[in-house]
Amino acid sequence: MEDKKLNDKNNREYKSDDLIVYWYPSICSHAQKCWRTLPQVFDTKKRPWVTIDGADPLDIIRTVDICPSGALRYALTENSKVDPRLANGPGSMEYTASQAETVNIRVVKDGPLLVKGPARLIDPEGNVLREGDSMVLCRCGKTKNPPFCDGEHRKNK
Ligand code: SF4
Ligand code: FES
């Protein structure tokens, strides 16, 4: 099955001795949680925009865990010193929400739909665009990356 985010040439990996952070720009909703939470690591003005050694791996893990779209994910390296029990949140590449879990879809005021829970997004032709536990979907119709929110709603109120 195809997942749109896995086939993007702009995807990136940032690796330290302990941690790998994966970046899937095509599904980022530019919610800014990453760079507001940990600007010493996530800084869109810098290239590369992720400074993987800029903070303790656990702080990076906790920040990636709150990414609402799944555009950021992490995995521990083979010889990582991080306790794997502390690296199994929603941002982990290993994470899958329980199939029995209710899917929650939250309507953000003047913003997108936040999907939380195991979900499959299918296009009009029946192709799977994405399978995942977190997605941010456009509700305003202005996104340049439909059906994903790309933050355009902020300009269009
Ligand atoms: S959706 Fe995730 S990666 Fe994109 S800006 Fe928000 S927290 Fe950062
Ligand atoms: S709701 Fe975010 S771009 Fe449409």
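Within the bounds of segment 81-92, is there any residue that is aliphatic (A, V, I, L, M), surrounded by fewer than 22 Cβ atoms within 10 Å (Cβ to Cβ) and under 16 Å from the mean Cα position of the chain (by Cα)? No; the residues of segment 81-92 include none that is aliphatic (A, V, I, L, M), surrounded by fewer than 22 Cβ atoms within 10 Å (Cβ to Cβ) and under 16 Å from the mean Cα position of the chain (by Cα). Checked against (1) in contact (Cβ under 8 Å) with a residue 24 or more places away in the chain; (2) outside the structural domain of residue 140 (by TED's automatic domain parsing); (3) surrounded by fewer than 16 Cβ atoms within 10 Å (Cβ to Cβ), residue 110 passes all but a single condition, namely (2).
Out of 115, 41, one residue alone is outside the structural domain of residue 143 (by TED's automatic domain parsing) and either of a type outside the set (Ser, Thr, Tyr) or farther than 29 Å from residue 144 by Cα (or both). It is 41. I want to confirm something. Restricting to segment 30-44 and keeping residues that are part of a loop (DSSP other than H, G, I, E, B) and modelled with pLDDT of 95 or more, which single residue is farthest from ligand 1 (Cβ to nearest atom)? It comes out as 40.
Out of all the residues in segment 130-157, which are more than 14 Å from ligand 1 (Cβ to nearest atom), over 15 Å from the mean Cα position of the chain (by Cα) and either free of Cβ contacts under 8 Å to residues at least 12 places away in the same chain or assigned to a strand (DSSP E or B) (or both)? Within segment 130-157, 141, 144, 146 meet the criteria. From the list 133, 83, the one residue that fits, being at pLDDT below 90, closer than 23 Å to residue 20 by Cα and away from ligand 2 (no atom under 16 Å from the Cβ), is 133. For segment 51-96, a residue qualifies if it is touching a helix residue (DSSP H, G or I) at 6+ places or on another chain (Cβ under 9 Å), assigned by TED's automatic domain parsing to the domain that holds residue 16 and assigned to a strand (DSSP E or B), and the qualifying residues are 72, 73, 74, 76.
Quick check on this structure: which one of 8, 18 is within 15 Å of ligand 1 (Cβ to nearest atom), in contact (Cβ under 8 Å) with a residue 12 or more places away in the chain and acidic (Asp, Glu)?
When all the criteria are applied, what remains is 8.
The values are calculated or read from the model by the stated rules, or taken from the named source; none is laboratory data. From a predicted model like this one, the values you see are computed outputs, not experimental measurements. Every residue, glycine among them, receives a Cβ derived from its backbone with ideal geometry; neighbour counts consider all protein chains shown.
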